[in-house]
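Worksheet: one structure, shown below.
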Amino acid sequence: MISATAFPPWLSQQLACPISKGKLLYDIQTNALISCDARVAYPVEQGVLKLVAHEATLLSADAHAAALLRNDVAAPNAAIRLPTN
C-alpha cells in the first residue's frame, strides 16, 4: 500500500493513463492520480491505486486546471501567450 505522504514521485512517472496512454501526476490534495490529457482522476484508496478506466472520475475544466497548477504543469492544448513588446 502507498500512503499519501509516502507516494514516490518516480511511480507516477512510470505509469500511464489507461484511457489516453498519457502522463499521470499525483495530486496530494485530492489523493488521486490526474491524467494530464484525459481530464480524469484515478483515486488512491487506502493506499491502493485504482488505475482502471471505470474507476476514473471526470474532472471539470476548473478542477483539472487547479490540479495541474498545484503540480506546476501546463495544461495540454493551453494557449501559449507570447510576450508583447
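Comparison of Ala66, Ala53 shows that the only residue that is at pLDDT 90 or above and either surrounded by 12 or more Cβ atoms within 10 Å (Cβ to Cβ) or not aromatic (Phe, Trp, Tyr) (or both) is Ala53.
Residues in region 1-20 that are part of a loop (DSSP other than H, G, I, E, B), among the polar types (S, T, N, Q) and at pLDDT below 85: Ser3 alone. Contact annotation: residue pairs with Cβ atoms under 6 Å, 6 or more positions apart or on different chains, pairing a residue in region 45-60 that is aliphatic (A, V, I, L, M) with a partner that is not in a strand (DSSP E or B), are Ala53/Pro18; Ala53/Ile19; Leu59/Arg39.
Please count how many residues of region 21-47 are part of a loop (DSSP other than H, G, I, E, B), at pLDDT 90 or above and closer than 15 Å to Leu69 by Cβ. Total satisfying the criteria: 1. Of the residues examined, Leu24 is not one that is in contact (Cβ under 8 Å) with a residue 12 or more places away in the chain and over 8 Å from the mean Cα position of the chain (by Cα). Taken over region 11-47, the criterion of being out of contact with any Ser or Thr (no Cβ under 6 Å at 6 or more places or on another chain), closer than 19 Å to Asp62 by Cβ and among the acidic types (Asp, Glu) is satisfied by Asp27 alone.
The values are calculated or read from the model by the stated rules, or taken from the named source; none is laboratory data. Nothing here was measured: the structure is a model prediction, and the numbers come from that model. Virtual Cβ from ideal backbone geometry, glycine too; neighbours counted across all protein chains shown.
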